[in-house]
1. Only one residue in Val216, Val256, Val232 is farther than 26 Å from Leu125 by Cβ and at pLDDT 95 or above, so which one is that?
2. I'd like the full set of residues that are out of contact with any helix residue (DSSP H, G or I) (no Cβ under 7 Å at 6 or more places or on another chain), under 19 Å from Ala157 (Cβ atoms) and of a type in the set (A, V, I, L, M, F, W, C), limited to segment 203-237.
3. So which residues in segment 158-178 are basic (Lys, Arg) and surrounded by fewer than 20 Cβ atoms within 10 Å (Cβ to Cβ)?
4. Which of the residues spanning segment 224-278 are under 30 Å from His164 (Cβ atoms), touching a Pro at 6+ places or on another chain (Cβ under 7 Å) and of a type in the set (A, V, I, L, M, F, W, C)?
5. Just for helices (runs of 4 or more DSSP H) wholly inside segment 161-229: which have at least 3 residues that are of a type in the set (Gly, Ala, Ser)?
6. Yes or no: Pro194 exposed (fewer than 15 other Cβ atoms within 10 Å of the Cβ) and under 17 Å from Glu168 (Cα atoms)?
7. Find all pairs meeting these conditions: Cβ atoms under 7 angstrom apart; at least six residues apart or on different chains; first residue within segment 187-212 and free of Cβ contacts under 8 Å to residues at least 24 places away in the same chain; second residue in a helix (DSSP H, G or I) and surrounded by fewer than 19 Cβ atoms within 10 Å (Cβ to Cβ).
Amino acid sequence: MAPAQQNVEVCDEGGAQINMRPKPNGIKDSSDIKLCENNNPVLQEDSASEKFNSDKDFDISKYEAMEFSARIRWPDLIVQLFLHVVTMYGLLLICTNSVKFYTTLFVFATIYTSGFGVTAGVHRLWSHRAYKAQTPLRVLLAFLFTITGQRDIYTWALDHRVHHKYSETVADPHDVRRGFWFAHVGWLVLTPHPAVENRRAALRRTSLDLLADPVVRIQKRFFIPLFALLNVILPIWIPVYCWDESLINSFVVSFVTRFTLNLNIAFSVNSFAHLWGNRPYDRFIKPSENKLVSIAALGEGWHNYHHVFPWDYRTSELGRFNISTNFIDAFAKIGWAYDLKAATSSMIINRALRSGDGTLEEEPDPNFKTT
């Protein structure tokens, strides 16, 4: 359960103090991170931000009692139906060997390679600020994330911060209480609850750190042409040019099927990992430890841990299947990733004893003292 690297910020019980470990040469301490907040990834920059981010003027009970009927956003629904129907045909082509082997290999290699842009990039780096990254790594992660086509970094990260801050309320963009299908994809094809729109507007004022990153600003500004190039044109062109795949097959499999599978892997974290699995750290919330989602989503399925310790760069205890943690650790060794935040063993064990469902099987790591 101990961090794999030595350049880790270890957050102890209560989260009010960060004990610093040595960082790579040339890396200076940051003064913008004041504390590791449990269940709130939006870290306050100053008193003005704290005022804007305050819930004093936001009465969630009024929104919970509000009668609301979502409307179908027909263009979004039609796009999703098209993607999924064509993907069924694409999977048939793959299963019947009707496309070249290299095309199938290219599709699945691209799905998992670009996935790091979601897991290590827009999720752990930009949404939760669980670690920091040098410019070359941020550019790489932005490039990989854009390949997945899951909106721009700023929009994705903002929604994810709203999700964590207001999880399992009407202000949660994909509130799992509204059912599996809503949490999986319905939230994208239905009009959002007024509470969601209210909190999105509020958190824009406290998410200025996102737009302060030039990589995020550039990716947001040029998202449409980048999406067209990296998610559509190149994935179609490469199989056609490099190994003579047919244009139709390349469109169906290398673009639509790959794109839709990428989306559904991300969707599964919002649906499957919020409904099925054990809850060793907090039995009072719905996010769960889901092994299958972790395999598909490069380690993002250990969701009960993640919602309890959202600022932990590992999103799970070490020893769990978590390729994205290994990815970050590898870049930490060369100094491209630094200031990795992680919970101590005592913090994890104490939280599990206090509120877990009793299924924690890990033994405390000998490198850390428990209290």
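The values are calculated or read from the model by the stated rules, or taken from the named source; none is laboratory data. These numbers were taken from a predicted model, which means no experiment stands behind them. So basically every Cβ, Gly included, is an ideal-geometry build from the backbone, and we count neighbours across all protein chains shown.
1. Numbers: Val216 fails: farther than 26 Å from Leu125 by Cβ; Val232 fails: farther than 26 Å from Leu125 by Cβ.
Answer to the check: Val256.
2. If the condition is that a residue be out of contact with any helix residue (DSSP H, G or I) (no Cβ under 7 Å at 6 or more places or on another chain), under 19 Å from Ala157 (Cβ atoms) and of a type in the set (A, V, I, L, M, F, W, C), then Leu208, Ala212, Ile218, Phe222, Phe223, Ile224 are the ones that fit.
3. Keep residues of segment 158-178 that are basic (Lys, Arg), which gives 161, 165, 177-178.
The answer is Arg177, Arg178.
4. First pass over segment 224-278, keeping only residues under 30 Å from His164 (Cβ atoms): 224, 226-227, 230-231, 258-278.
Subset that is touching a Pro at 6+ places or on another chain (Cβ under 7 Å): 258, 273-274.
The answer is Ala273, and nothing else.
5. Working: elements: 194-204, 208-211, 214-221, 223-227.
Helices (runs of 4 or more DSSP H) meeting the threshold: 194-204.
6. Details: exposed (fewer than 15 other Cβ atoms within 10 Å of the Cβ): yes; under 17 Å from Glu168 (Cα atoms): yes.
Considered against the rule, which asks whether it is exposed (fewer than 15 other Cβ atoms within 10 Å of the Cβ) and under 17 Å from Glu168 (Cα atoms), Pro194 comes out as yes.
7. none
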